[in-house]
Amino acid sequence: MSASDERNAAAAGYAPHPYIGGRTAALRALAAWRMRWPGAPRVIVLTGNPGSGRSRLVTGFLMMCDPDYRKRLPLDDLDPATVPPDLPAPAVPSPTGRTAAQVLWLLADHFDLSADRTEDIFTELAAREEPVTIVVPDVDQAGPVRAAHEPARLVRDVLKPLAATETVQLLADVPRELAAELAEALPRGQVRIIDLDAPEWADPKGLVRHADTALNPEFGAPQLPYTTDPSGRRALAEAMAQRADGSRLTLQLAVQSVLMQPDGFDPADASLLPGSVGEALDLHARRLGADPQTLRLMLAPLAFAEGEGLPVQLWGALANAVAGRDLSQDIADGMLLAAPFIEPVGASQDEDGDDDDGDSGDANEDGADVPGDGRTLLRLMHPGIAEEIRSGLPDVRDAQTKLAMALLEAVPQQDWSQADPYIRDHLAAHTLEAGLLPQLLTDPGLFAHADPVTLRAAIEAVPLEQLGAPARTYLRTAPLLTRSQAPADLRAAFLESAFVEDGLAPYAEALHTLGFALPWRTLWSVPLTGVRAVTTGSLPLEGADGAAADATEGGESPAPAPGGTAATRPVAALVVPAGTPGSRPAPGPDGEAPENGGPALLLHDLLAPGYLDADPSQVLRPSQEAQAAAPFGLTRGADYLRVWARTSQKMVAALLSDSPITGADLSPDGVLVVATERGVTARQIIAAVPAATPTVPAQRAGTADADASHGLEGDHS
């Protein structure tokens with residue numbers, strides 16, 4: 001399996017792969033791996049420089065591994081040693097834009113595993129009787145935030161354990177700096193590195209074929225003297241391929257530059273042919289009479305763009321920021337200058353282009369990338385161009401700082417609800433690389449509006465000791481936000497409670513001033529563990545033992561609040577283990593004290609922070625009339641609650657907990673008290689009661705109240 005195989009295949013008259021156009025040696029190695037040929041390695045690590053064509057090779061190979069796609073390929077015309085056997089398609093979890101954990105759970109779903117923990121996934125795969133085949137392309141595109149270095153985490157946490165699992169047959173497309181780390185974890189004979197830039201895997205004839213096809217008018221090239229004449233076209237293709245020195249990206253840029261702007265190009269002048277991506281940028285600019293540095297500055301915002309791409313309306317302002325001068329006219333006049341290097345998200349990929357290192361965005365039926373919200377986005381047509389532009393800047397951190405400041409200035413009145421989605425979702429990524437992210441993480445509005453997947457990934461890349469208290473609260477809540485896929489209003493509600501739980505009441509209060517439709521206001525929270533159940537009720541202001549029942553821990557005697565009466569005070573009774581400080585033994589059914597070791601009750605003010613020192617037997621439950629007249633009902637699950645309007649049966653609030661719920665109750669006045677393994681929190685429901693609809697009866701219809709929340713008198717939901 002070497003470059004000599006290319007010559008042997010050509011001598012035998014085999015046709016090249018219609019999508020790859022070469023790479024016979026690599027395809028033979030991959031086919032032997034797929035059929036588990038004797039002596040073939042169990043793990044193949046595919047690597048190479050950016051633009052070497054790794055993604056194109058993997059895509060072309062997977063075409064032959066897919067039973068349906070195989071029917072559309074001329075397999076009988078190809079070298080038989082390059083065609084894998086007709087087997088079920090391998091698992092192909094795409095890491096583009098995903099975290100290592102997300103990729104791993106994609107595999108768990110694909111193989112229908114019952115694992116509850118990530119480590120159990122490897123255990124279940126190892127226990128399978130039949131080997132499984134997994135192909136992981138585009139590892140260098142992993143992660144929602146580029147500067148968070150997710151590719152390294154994917155190799156360490158996913159690919160290395162997979163490679164070490166004897167029942168897994170693995171092919172991974174990995175950047176060169178991570179290839180050796182993955183391969184060295186396995187014994188010799190089980191792994192092979194295929195470096196597409198190494199001489200044994202070189203494909204010079206395939207590169208010439210690629211250029212010749214791209215220059216051919218039959219495949220869309222313009223009618224030019226050096227494209228219509230076969231011999232002249234072949235000579236130019238050979239010259240381009242020789243200068244490109246194996247880089248499909250360099251070759252592609254050279255071809256696109258010539259075809260988009262043929263004026264000033266002399267095919268006989270080898271000095272006009274680039275030998276690298278950087279030369280392709282500079283030669284194109286000079287041929288069009290422009291300053292190469294101006295072109296690089298124009299493209300710099302796109303080189304730093306996150307996600308699917310940069311909104312076109314932000315491009316000019318960000319380019320001005322990086323350049324430190326006005327580039328508006330350069331951009332307006334320079335579309336031919338930038339055209340070979342950019343693409344709109346939504347445009348079909350160039351079939352002859354080397355789409356190495358993957359793409360981002362969803363695909364429509366024609367295979368084109370489509371931005372999720374219909375905006376016009378731009379991106380560089382290959383990550384290798386972005387890498388070249390970033391490496392040419394004198395100070396990457398300074399450039400990111402300028403971009404971050406320009407993005408902040410583009411937020412209208414600093415109102416995140418009016419900000420462009422790109423700014424809301426990706427500002428954290430820019431400030432991360434600028435070293436400014438901790439300073440940004442004090443705005444509760446940004447916390448609620450930003451995409452929790454990208455914001456969480458950026459924050460997790462910062463050492464914990466550098467984060468302030470609000471950021472640590474967000475980081476604690478982020479798994480709940482990502483798991484629930486909640487919209488901004490519900491994210492704000494979850495964060496509002498989290499801030500109260502962590503003693504950051506001003507941040508919670510701020511969320512009530514930012515226009516969110518919050519379903520509740522969190523009244524108080526206590527970090528009390530071991531609570532088995534909760535019950536709401538009321539307490540006479542004077543206890544039976546003559547002691548004032550309204551004395552709080554601090555000795556204050558607040559006035560009765562709404563929900564009580566002139567003679568009673570709303571309270572929450574918490575069922576806690578005996579001996580809990582401040583608790584009293586729970587009264588038995590007949591009012592007598594229970595035996596030693598029984599449950600105890602701890603009383604807490606329902607509407608404000610503070611425990612109460614009072615006799616639990618004096619707590620009164622709401623009357624049946626009060627419960628029947630209550631506007632809300634409660635439905636409870638193991639880790640979620642739903643509050644619904646009794647008249648309309650419509651849900652007005654939903655609560656998802658990051659730990660199991662051990663008790664819950666809803667007072668007639670709409671105060672929801674929830675106990676989890678972490679503590680107890682009270683929320684006043686403030687959502688409007690939906691109007692009743694004529695088709696729904698006033699009484700409950702088909703919605704179950706919460707399961708037992710056994711407090712003073714059992715389940716009173």
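Select, from ALA706, ALA653, ALA692, the only residue that is open to solvent by less than 10 Å² (accessible area, probe 1.4 Å), touching a Ser or Thr at 6+ places or on another chain (Cβ under 6 Å) and either at pLDDT below 95 or over 23 Å from PRO540 (Cα atoms) (or both).
Exactly one of ALA706, ALA653, ALA692 is open to solvent by less than 10 Å² (accessible area, probe 1.4 Å), touching a Ser or Thr at 6+ places or on another chain (Cβ under 6 Å) and either at pLDDT below 95 or over 23 Å from PRO540 (Cα atoms) (or both), namely ALA706.
Show the residue pairs that are 6+ apart or on different chains and have beta-carbon atoms under 8 Å apart, the first residue being within the stretch 90-110 and under 20 Å from VAL58 (Cβ atoms), the second being assigned to a helix (DSSP H, G or I) and of a type in the set (S, T, N, Q).
Here the result reads PRO95/GLN141; THR96/GLN141; GLY97/GLN141; LEU104/THR118, each pair linking the stretch 90-110 to a residue that is assigned to a helix (DSSP H, G or I) and of a type in the set (S, T, N, Q).
Note down all Cβ pairs under 9 Å where the first residue falls in the stretch 646-658 and is among the β-branched types (Val, Ile, Thr), the second is assigned to a strand (DSSP E or B), and they're at least six residues apart or on different chains.
Pairs found: VAL652/PHE632; VAL652/ARG642; VAL652/VAL643; VAL652/TRP644; VAL652/ALA645; VAL652/ILE685.
Here are LEU62, LEU57: which of them is farther than 22 Å from ALA214 by Cα and either open to solvent by 10 Å² or more (accessible area, probe 1.4 Å) or assigned to a helix (DSSP H, G or I) (or both)?
LEU62 is the lone residue from the list that is farther than 22 Å from ALA214 by Cα and either open to solvent by 10 Å² or more (accessible area, probe 1.4 Å) or assigned to a helix (DSSP H, G or I) (or both).
So SER484 ticks every box in (1) open to solvent by less than 30 Å² (accessible area, probe 1.4 Å); (2) touching a strand residue (DSSP E or B) at 6+ places or on another chain (Cβ under 6 Å); (3) at pLDDT below 95 but one. Which box is left unticked?
Going through (1) open to solvent by less than 30 Å² (accessible area, probe 1.4 Å); (2) touching a strand residue (DSSP E or B) at 6+ places or on another chain (Cβ under 6 Å); (3) at pLDDT below 95 one by one, SER484 breaks only (1).
As an exercise: evaluate PRO697 against (1) open to solvent by less than 60 Å² (accessible area, probe 1.4 Å); (2) assigned to a loop (DSSP other than H, G, I, E, B); (3) modelled with pLDDT of 90 or more and give the number of the one condition it does not meet.
(3)
Of all residues in the stretch 657-688, how many are part of a loop (DSSP other than H, G, I, E, B) and closer than 21 Å to ARG646 by Cα?
Residues flagged as part of a loop (DSSP other than H, G, I, E, B) and closer than 21 Å to ARG646 by Cα within the stretch 657-688 amount to 7.
Return the total of residues in the stretch 147-175 being within 27 Å of ASP425 (Cβ to Cβ), in contact (Cβ under 8 Å) with a residue 60 or more places away in the chain and buried (at least 22 other Cβ atoms within 10 Å of the Cβ).
Residues flagged as within 27 Å of ASP425 (Cβ to Cβ), in contact (Cβ under 8 Å) with a residue 60 or more places away in the chain and buried (at least 22 other Cβ atoms within 10 Å of the Cβ) within the stretch 147-175 amount to 3.
Going by the conditions given, is LEU601 in a strand (DSSP E or B) and either modelled with pLDDT of 90 or more or closer than 16 Å to ARG532 by Cβ (or both)?
yes
Here are some residues: SER617, SER648, SER623, SER659. Which one is more than 35 Å from the chain's Cα centre (by Cα) and over 20 Å from ALA572 (Cα atoms)?
Criteria check complete, one pass: SER648.
If PRO50 meets every condition in (1) over 25 Å from LEU251 (Cβ atoms); (2) open to solvent by 50 Å² or more (accessible area, probe 1.4 Å); (3) not polar (S, T, N, Q) apart from one, which number is that one?
(1)
Can you tell me which of LEU490, LEU523, LEU541, LEU504 is open to solvent by 10 Å² or more (accessible area, probe 1.4 Å), in contact (Cβ under 8 Å) with a residue 12 or more places away in the chain, in contact with a Leu (Cβ under 7 Å, 6 or more places away or on another chain) and of a type in the set (A, V, I, L, M)?
None of the other options fit; the residue is LEU523.
The values are calculated or read from the model by the stated rules, or taken from the named source; none is laboratory data. From a predicted model like this one, the values you see are computed outputs, not experimental measurements. A quick note on method: Cβ atoms are made from the backbone with ideal geometry, for glycine too, and the neighbour counts reach across all protein chains shown. Surface accessibility is based on the protein's heavy atoms, side chains included, excluding ligands, DNA and RNA. Shrake-Rupley method; radii C 1.70, N 1.55, O 1.52, S 1.80 Å.
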